[in-house]
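Structure first, then comments.
The values are calculated or read from the model by the stated rules, or taken from the named source; none is laboratory data. Please read all numbers here as calculations on a predicted model, not as lab measurements. Positions of Cβ are generated from backbone atoms using ideal geometry, with glycine treated the same way; all protein chains shown enter the neighbour counts. Heavy atoms of the whole protein, side chains included, go into the accessibility calculation; ligands, DNA and RNA do not. Shrake-Rupley method; radii C 1.70, N 1.55, O 1.52, S 1.80 Å.
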Amino acid sequence: MAAAPLAAALDPTRVMREIDRRGAQPVLTRLAKSDGEWDGLLDGVASGAREWLRVANRLLSVAEDPEAYDLEAAVGEALAAAPARVLEIADGGGEIQVSWVCDETTTFQEDPDLEERIALLADREDAVRGLRAPALATKRAACLKSLEKARSGLERELRALTRKIG
């Protein structure tokens, strides 16, 4: 069976239908084999679009590293772009959890230096801090606590390295 055209494969509704029809594991395997499709999927998830977050939630249920890491990093990026959508889906019975999406250890697709990581976490904190939906207050508070702890830890690490280097 020939692979679906790239545009069709990158439509989250079609990907969800394929997951429903074939199962998450075969779809994950197929997408991960195509750099273009995989990168497009990760970009979609990182955008914070609700449909892509649903796709990520389903794929994370079967993913192992390196795909799990990529998906978690993309969800982490989505936190800055669409904090309400990420927190709405988090802790909702799927794989996306506030405990890891707001923790620095799973939030970067690339390997930025300490200063970049601190800046990215600060951007996510600002985005989450801006949420005012009462229904998300508990998740917002937990997320901010994790983000602040992670950022503070990295800032301490940066200060220690700066002192050591001189």
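The table below gives the values:
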| item | result |
| --- | --- |
| Count of region 33-85 residues which are more than 12 Å from Glu95 (Cα to Cα) and open to solvent by 70 Å² or more (accessible area, probe 1.4 Å) | 11 |
| Candidate set from region 143-166 (those that are open to solvent by 50 Å² or more (accessible area, probe 1.4 Å) and hydrophobic (A, V, I, L, M, F, W, C)); member that is farthest from Glu125 (Cα to Cα) | Ile165 |
| Those residues of region 51-85 which are touching a Leu at 6+ places or on another chain (Cβ under 7 Å), small (Gly, Ala, Ser), over 16 Å from Gly40 (Cα atoms) and assigned to a helix (DSSP H, G or I), in sequence order | Ala84 |
| Options Glu115, Glu148; residue that is over 22 Å from Gly44 (Cα atoms), in contact (Cβ under 8 Å) with a residue 24 or more places away in the chain and either among the acidic types (Asp, Glu) or touching a Lys or Arg at 6+ places or on another chain (Cβ under 6 Å) (or both) | Glu115 |
| Residue check for Glu125: open to solvent by less than 70 Å² (accessible area, probe 1.4 Å), part of a helix (DSSP H, G or I) and acidic (Asp, Glu) | yes |
| Residues of region 86-97 classified as surrounded by fewer than 20 Cβ atoms within 10 Å (Cβ to Cβ) and either within 11 Å of the chain's Cα centre (by Cα) or not in a helix (DSSP H, G or I) (or both), total | 5 |
